[in-house]
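Report on the structure given below.
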Amino acid sequence: MKTKIILLCFVLLSVLGCKKQEEPVTAKNDNNKADRLEQLLTGNQRFLDGKSLHPHQDKQTVLANQDGQKPFAVIVTCSDSRVSPEIVFDQGIGDLFVIRNAGNLISDIDMGSIEYAVEHLDAKLIVILGHTECGAIKAYINDKDGAYKKHFNHIDNIVETIAQENEEIEADKISPKASNYLGAIDANIKHSAKMVQDNPIVKEHKATIVSMRYDVHTGKVTKL
(Lines give C-alpha, C1' and ligand atoms only; values in the text may rest on other atoms or scores of the structure.)
Protein backbone atom coordinates (compact mmCIF):
# COMPACT_ATOMS: atom_id res chain seq x y z
CA MET A 1 0.00 0.00 0.00
CA LYS A 2 2.79 2.37 0.98
CA THR A 3 4.59 1.62 -2.28
CA LYS A 4 1.42 2.44 -4.27
CA ILE A 5 1.02 5.79 -2.48
CA ILE A 6 4.64 6.74 -3.20
CA LEU A 7 4.22 5.72 -6.84
CA LEU A 8 1.00 7.78 -7.13
CA CYS A 9 2.71 10.87 -5.67
CA PHE A 10 5.56 10.47 -8.12
CA VAL A 11 3.12 10.31 -11.07
CA LEU A 12 1.24 13.41 -9.86
CA LEU A 13 4.45 15.39 -9.45
CA SER A 14 5.56 14.36 -12.93
CA VAL A 15 2.25 15.47 -14.47
CA LEU A 16 2.27 18.81 -12.65
CA GLY A 17 5.86 19.39 -13.71
CA CYS A 18 5.01 18.76 -17.34
CA LYS A 19 2.04 21.12 -17.24
CA LYS A 20 4.14 23.86 -15.73
CA GLN A 21 6.77 23.39 -18.40
CA GLU A 22 4.22 23.55 -21.19
CA GLU A 23 2.73 26.87 -20.09
CA PRO A 24 3.36 29.48 -22.82
CA VAL A 25 5.74 32.30 -22.00
CA THR A 26 4.21 35.61 -22.96
CA ALA A 27 5.75 39.05 -22.92
CA LYS A 28 5.16 41.01 -19.74
CA ASN A 29 2.71 43.87 -20.26
CA ASP A 30 2.35 45.79 -17.01
CA ASN A 31 -0.72 47.95 -16.59
CA ASN A 32 1.15 50.58 -14.60
CA LYS A 33 2.93 53.13 -16.82
CA ALA A 34 5.74 53.58 -14.31
CA ASP A 35 6.30 49.82 -14.27
CA ARG A 36 6.68 49.74 -18.07
CA LEU A 37 9.28 52.48 -18.02
CA GLU A 38 11.04 50.87 -15.08
CA GLN A 39 11.12 47.59 -17.00
CA LEU A 40 13.11 49.30 -19.75
CA LEU A 41 15.47 51.13 -17.40
CA THR A 42 16.07 48.01 -15.32
CA GLY A 43 16.79 46.05 -18.48
CA ASN A 44 19.33 48.66 -19.57
CA GLN A 45 21.01 48.46 -16.18
CA ARG A 46 21.29 44.68 -16.53
CA PHE A 47 22.86 45.23 -19.96
CA LEU A 48 25.36 47.71 -18.49
CA ASP A 49 26.22 45.35 -15.65
CA GLY A 50 26.80 42.43 -17.99
CA LYS A 51 23.86 40.58 -16.43
CA SER A 52 21.41 40.50 -19.33
CA LEU A 53 18.71 37.85 -18.94
CA HIS A 54 17.82 37.70 -22.66
CA PRO A 55 14.14 37.08 -21.78
CA HIS A 56 11.58 35.82 -24.29
CA GLN A 57 14.21 34.79 -26.83
CA ASP A 58 13.33 31.15 -27.39
CA LYS A 59 11.04 28.93 -29.46
CA GLN A 60 8.56 28.76 -26.60
CA THR A 61 8.03 32.52 -26.82
CA VAL A 62 7.65 32.31 -30.59
CA LEU A 63 4.83 29.82 -30.15
CA ALA A 64 3.23 31.82 -27.34
CA ASN A 65 3.02 34.91 -29.55
CA GLN A 66 2.18 33.27 -32.87
CA ASP A 67 -1.49 34.29 -32.77
CA GLY A 68 -0.99 37.86 -31.61
CA GLN A 69 1.27 40.37 -29.92
CA LYS A 70 0.99 42.60 -26.87
CA PRO A 71 4.16 44.71 -26.75
CA PHE A 72 4.36 46.83 -23.62
CA ALA A 73 6.27 49.68 -25.33
CA VAL A 74 6.80 51.33 -28.71
CA ILE A 75 10.40 52.32 -29.44
CA VAL A 76 11.04 54.88 -32.18
CA THR A 77 14.78 54.88 -32.82
CA CYS A 78 17.55 55.18 -35.39
CA SER A 79 18.57 52.52 -37.90
CA ASP A 80 22.15 52.76 -36.62
CA SER A 81 23.53 49.23 -36.20
CA ARG A 82 24.84 50.12 -32.73
CA VAL A 83 21.37 50.85 -31.40
CA SER A 84 19.33 47.66 -30.94
CA PRO A 85 16.42 48.22 -28.49
CA GLU A 86 15.89 44.56 -27.63
CA ILE A 87 19.55 44.28 -26.68
CA VAL A 88 20.16 47.57 -24.84
CA PHE A 89 16.88 47.20 -22.90
CA ASP A 90 17.33 43.42 -22.46
CA GLN A 91 13.93 42.48 -23.88
CA GLY A 92 12.76 39.82 -26.31
CA ILE A 93 10.16 38.62 -28.78
CA GLY A 94 6.78 40.28 -28.27
CA ASP A 95 8.05 42.88 -25.78
CA LEU A 96 8.77 45.90 -27.99
CA PHE A 97 7.16 47.38 -31.10
CA VAL A 98 10.19 48.93 -32.82
CA ILE A 99 10.15 51.61 -35.53
CA ARG A 100 13.54 52.50 -37.02
CA ASN A 101 14.94 54.88 -39.61
CA ALA A 102 17.96 57.17 -39.97
CA GLY A 103 17.73 59.92 -37.37
CA ASN A 104 14.65 58.45 -35.62
CA LEU A 105 12.49 60.74 -37.74
CA ILE A 106 8.72 60.38 -37.97
CA SER A 107 7.13 60.32 -41.42
CA ASP A 108 3.44 59.67 -42.08
CA ILE A 109 4.19 55.95 -42.34
CA ASP A 110 6.07 55.93 -39.05
CA MET A 111 3.22 57.80 -37.38
CA GLY A 112 0.78 55.28 -38.79
CA SER A 113 2.86 52.51 -37.25
CA ILE A 114 2.70 54.26 -33.88
CA GLU A 115 -1.07 54.69 -34.20
CA TYR A 116 -1.43 50.99 -34.98
CA ALA A 117 0.57 49.99 -31.90
CA VAL A 118 -1.43 52.29 -29.65
CA GLU A 119 -4.88 51.66 -31.08
CA HIS A 120 -4.72 47.96 -31.97
CA LEU A 121 -2.00 46.55 -29.71
CA ASP A 122 -2.82 48.68 -26.66
CA ALA A 123 0.76 49.88 -26.21
CA LYS A 124 0.74 52.59 -23.55
CA LEU A 125 4.39 53.65 -23.55
CA ILE A 126 6.12 55.31 -26.50
CA VAL A 127 9.87 55.95 -26.30
CA ILE A 128 11.72 58.24 -28.69
CA LEU A 129 15.28 56.94 -28.51
CA GLY A 130 17.97 59.08 -30.12
CA HIS A 131 21.68 58.40 -29.71
CA THR A 132 25.17 59.91 -29.67
CA GLU A 133 27.31 59.82 -32.80
CA CYS A 134 24.17 59.91 -34.95
CA GLY A 135 25.15 60.15 -38.63
CA ALA A 136 21.96 61.99 -39.57
CA ILE A 137 22.58 64.68 -36.96
CA LYS A 138 26.25 64.93 -37.99
CA ALA A 139 25.16 65.49 -41.60
CA TYR A 140 22.83 68.29 -40.46
CA ILE A 141 25.54 69.90 -38.31
CA ASN A 142 28.20 69.72 -41.03
CA ASP A 143 25.91 71.06 -43.75
CA LYS A 144 26.94 74.53 -44.92
CA ASP A 145 24.32 76.96 -46.19
CA GLY A 146 21.83 74.34 -47.30
CA ALA A 147 24.33 72.50 -49.48
CA TYR A 148 22.22 69.34 -49.11
CA LYS A 149 19.72 70.81 -51.56
CA LYS A 150 22.25 70.49 -54.39
CA HIS A 151 22.64 66.73 -54.22
CA PHE A 152 19.10 65.68 -55.14
CA ASN A 153 19.20 62.34 -53.34
CA HIS A 154 17.13 60.80 -50.58
CA ILE A 155 19.80 61.28 -47.94
CA ASP A 156 19.38 65.02 -48.44
CA ASN A 157 15.73 64.62 -47.51
CA ILE A 158 16.83 63.40 -44.09
CA VAL A 159 19.08 66.43 -43.56
CA GLU A 160 16.39 68.81 -44.78
CA THR A 161 13.81 67.28 -42.43
CA ILE A 162 16.12 67.77 -39.45
CA ALA A 163 17.03 71.32 -40.55
CA GLN A 164 13.34 72.26 -40.60
CA GLU A 165 12.59 71.02 -37.07
CA ASN A 166 11.55 73.95 -34.86
CA GLU A 167 13.49 72.52 -31.94
CA GLU A 168 16.68 72.45 -34.02
CA ILE A 169 16.15 76.02 -35.18
CA GLU A 170 15.68 77.24 -31.61
CA ALA A 171 18.66 75.25 -30.34
CA ASP A 172 20.83 76.76 -33.08
CA LYS A 173 19.82 80.27 -31.97
CA ILE A 174 20.95 79.55 -28.41
CA SER A 175 24.21 77.88 -29.41
CA PRO A 176 25.49 77.38 -32.99
CA LYS A 177 24.96 73.77 -34.07
CA ALA A 178 28.62 73.29 -34.95
CA SER A 179 29.53 73.59 -31.26
CA ASN A 180 26.31 72.12 -29.83
CA TYR A 181 26.31 68.53 -31.06
CA LEU A 182 24.59 67.05 -28.00
CA GLY A 183 22.03 69.86 -28.04
CA ALA A 184 21.24 69.07 -31.68
CA ILE A 185 20.71 65.40 -30.83
CA ASP A 186 18.36 66.24 -27.96
CA ALA A 187 16.46 68.80 -30.06
CA ASN A 188 15.84 66.14 -32.69
CA ILE A 189 14.57 63.70 -30.06
CA LYS A 190 12.27 66.32 -28.54
CA HIS A 191 10.88 67.22 -31.95
CA SER A 192 9.81 63.64 -32.63
CA ALA A 193 8.36 63.38 -29.12
CA LYS A 194 6.32 66.55 -29.69
CA MET A 195 4.94 65.15 -32.95
CA VAL A 196 3.78 62.01 -31.17
CA GLN A 197 2.33 63.96 -28.23
CA ASP A 198 0.19 66.00 -30.64
CA ASN A 199 -1.24 62.93 -32.35
CA PRO A 200 -5.02 62.62 -31.68
CA ILE A 201 -4.99 58.81 -31.43
CA VAL A 202 -2.08 58.85 -28.99
CA LYS A 203 -3.96 61.43 -26.90
CA GLU A 204 -7.19 59.45 -27.03
CA HIS A 205 -5.50 56.30 -25.76
CA LYS A 206 -3.58 58.22 -23.08
CA ALA A 207 -0.19 56.79 -24.08
CA THR A 208 2.87 58.12 -22.29
CA ILE A 209 5.71 59.56 -24.40
CA VAL A 210 9.26 59.46 -23.04
CA SER A 211 12.36 60.99 -24.63
CA MET A 212 15.61 59.06 -24.21
CA ARG A 213 19.21 59.23 -25.45
CA TYR A 214 21.44 56.20 -25.92
CA ASP A 215 25.19 56.64 -25.55
CA VAL A 216 27.04 54.43 -28.03
CA HIS A 217 30.24 54.92 -26.01
CA THR A 218 28.89 53.44 -22.78
CA GLY A 219 25.68 51.54 -23.58
CA LYS A 220 23.72 53.69 -21.15
CA VAL A 221 20.23 55.05 -21.84
CA THR A 222 19.40 58.42 -20.28
CA LYS A 223 15.90 59.82 -19.84
CA LEU A 224 15.74 63.44 -21.02
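The values are calculated or read from the model by the stated rules, or taken from the named source; none is laboratory data. The model shown is predicted, which means the values in this text are computed figures rather than measured ones. Every residue, glycine among them, receives a Cβ derived from its backbone with ideal geometry; neighbour counts consider all protein chains shown. These accessible areas exclude ligands, DNA and RNA; they are computed on the full protein's heavy atoms, side chains included. Shrake-Rupley method; radii C 1.70, N 1.55, O 1.52, S 1.80 Å.
I'm checking my understanding of the structure. Among residues of segment 187-219 that are part of a loop (DSSP other than H, G, I, E, B) and among the aliphatic types (A, V, I, L, M), which one is surrounded by the fewest Cβ atoms within 10 Å (Cβ to Cβ)?
So, considering only residues that are part of a loop (DSSP other than H, G, I, E, B) and among the aliphatic types (A, V, I, L, M), the one surrounded by the fewest Cβ atoms within 10 Å (Cβ to Cβ) is 216.
Does any residue in segment 177-201 that is over 16 Å from residue 128 (Cα atoms) come within less than 7 Å, Cβ to Cβ, of a residue that is in a helix (DSSP H, G or I) six or more places away or on a different chain, and which pairs are these?
As it stands, the answer is 177/141; 177/184; 178/141; 180/171; 181/141; 201/115; 201/118; 201/119, since those pairs meet every condition given.
Kindly state which helices (runs of 4 or more DSSP H) lie completely within segment 67-176 and contain at least 3 residues that are of a type outside the set (Val, Ile, Thr).
108-120, 135-142, 154-163, 166-174
Okay, residues lined up against (1) surrounded by 15 or more Cβ atoms within 10 Å (Cβ to Cβ); (2) among the charged types (D, E, K, R); (3) in contact with a Gly (Cβ under 6 Å, 6 or more places away or on another chain); (4) modelled with pLDDT of 95 or more:
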| site | (1), (2), (3), (4) |
| --- | --- |
| 21 | no, no, no, no |
| 55 | yes, no, yes, yes |
| 66 | no, no, no, yes |
| 72 | yes, no, no, yes |
| 86 | yes, yes, no, yes |
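Look through 3, 26 and report the one residue that is part of a helix (DSSP H, G or I), open to solvent by 60 Å² or more (accessible area, probe 1.4 Å) and at pLDDT below 95.
Selected residue: 3, the only one of 3, 26 that is part of a helix (DSSP H, G or I), open to solvent by 60 Å² or more (accessible area, probe 1.4 Å) and at pLDDT below 95.
Being surrounded by fewer than 18 Cβ atoms within 10 Å (Cβ to Cβ) and closer than 29 Å to residue 48 by Cα narrows it down to one residue among 104, 180, 153; which is it?
It is 180.
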